[in-house]
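A short write-up of the structure that comes next.
The values are calculated or read from the model by the stated rules, or taken from the named source; none is laboratory data. Quick caveat: nothing in here was measured; it's all calculated off a predicted structure. Cβ sites come from the backbone with ideal geometry, for glycine too, and all protein chains shown count toward neighbours. Protein only, heavy atoms only, side chains kept; ligands, DNA and RNA dropped before computing areas. Shrake-Rupley method; radii C 1.70, N 1.55, O 1.52, S 1.80 Å.
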Amino acid sequence: MLKLYGFAVSNYFNMVKHCLLHKGVSFEEVTVYPNAEPEYLRKSPMGKVPCIETEHGFLAESSVILDYIEASYPQQPLYPADEWQRAKCRELMKIAELYLELPARRLLPVVLGGAQAEEATLAEIKELLDKGVRALGALVTPGAYLQGEQLNMADIVVRYALVVTELVCGAVYQRDIVAEVPGLKAWQAMMAELPISQQLDAAANQAMEAFMASLKAK
């Protein structure tokens, strides 16, 4: 059986878990935090979560894992069949990861650990976020979901990418970044009502205390 390594508070872990649950894939969860222990580095070379264990071996990096799951478990497809639409789906996923989630992630030590950030860093990250929001607004297609009337991989990736982005933007910049993209609030509320989303959100809330304790122990 496939094994999914990570922890319930991780938004990248939840991207992969949401995909597996959507497809009805049987898997075992193994709770682990990012670390550089030799045993875990043999599974995930950068020590990050998530990673998966398959019959072929271990695989890391969320976007790579998502592609592997889609190819290996084609039921309930999450990528459009049309090559162009599939590329547009991946484009939206990449924009959310590189220009929203990753810049915001740089400020997690400020939000979660009370670290200080230099004004130049805050300005640099704000500029990246501004560009990311503009790009997101340009790529979102009006409809029930981000790219039309059907759920696809971009909906899952953007939902969980926004977890960190919203947390940081609210705490550091006093900014409601989702409200800046027309229609995104309604989409976000609709995604939150999905049974899988509710399951993962509840698990994240339940695991938060243990996660914060792990941060303090470092």
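Side notes on the structure shown:
- Filtered residues of region 66-86 (kept if in contact (Cβ under 8 Å) with a residue 12 or more places away in the chain, part of a helix (DSSP H, G or I) and open to solvent by 80 Å² or more (accessible area, probe 1.4 Å)): Gln85
- Yes/no for Leu129 being in contact with a strand residue (DSSP E or B) (Cβ under 7 Å, 6 or more places away or on another chain) and either within 17 Å of Leu102 (Cα to Cα) or in a loop (DSSP other than H, G, I, E, B) (or both): no
- Test for Thr31: is it within 28 Å of Val168 (Cβ to Cβ), surrounded by fewer than 17 Cβ atoms within 10 Å (Cβ to Cβ) and among the β-branched types (Val, Ile, Thr): yes
- Residue list for region 153-178, restricted to those being buried (at least 17 other Cβ atoms within 10 Å of the Cβ), under 14 Å from Gln188 (Cα atoms) and not aliphatic (A, V, I, L, M): Asp155, Arg159, Tyr160, Thr165, Glu166
- Checking each residue of region 54-65 against the condition of being on the phi > 0 side of the Ramachandran plot, modelled with pLDDT of 95 or more and over 14 Å from the mean Cα position of the chain (by Cα) gives at least one match.
Matching residues to (1) part of a loop (DSSP other than H, G, I, E, B); (2) in contact (Cβ under 8 Å) with a residue 12 or more places away in the chain; (3) under 26 Å from Phe7 (Cα atoms); (4) charged (D, E, K, R):
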position: Ile156; (1), (2), (3), (4): no, yes, yes, no
position: Arg159; (1), (2), (3), (4): no, yes, yes, yes
position: Val163; (1), (2), (3), (4): no, yes, yes, no
position: Leu167; (1), (2), (3), (4): no, yes, yes, no
position: Gly170; (1), (2), (3), (4): no, no, yes, no
position: Ala186; (1), (2), (3), (4): no, no, no, no
position: Ala204; (1), (2), (3), (4): no, yes, yes, no
position: Met212; (1), (2), (3), (4): no, yes, yes, no
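- Residues located in region 99-135, provided they are open to solvent by 60 Å² or more (accessible area, probe 1.4 Å) and in contact (Cβ under 8 Å) with a residue 24 or more places away in the chain: Tyr99, Arg105, Leu112, Gly113, Lys126, Lys131
- When Glu29 is tested against (1) assigned to a loop (DSSP other than H, G, I, E, B); (2) over 21 Å from Val158 (Cα atoms), only condition (1) is not met.
- Qualifying residue in region 137-150 (condition: β-branched (Val, Ile, Thr), over 15 Å from the mean Cα position of the chain (by Cα), at pLDDT 95 or above and crowded, with 19+ Cβ neighbours inside 10 Å): no
- Odd one out for Met46, checked against (1) aliphatic (A, V, I, L, M); (2) touching a residue at least 60 places away in the same chain (Cβ under 8 Å); (3) open to solvent by 50 Å² or more (accessible area, probe 1.4 Å): (2)
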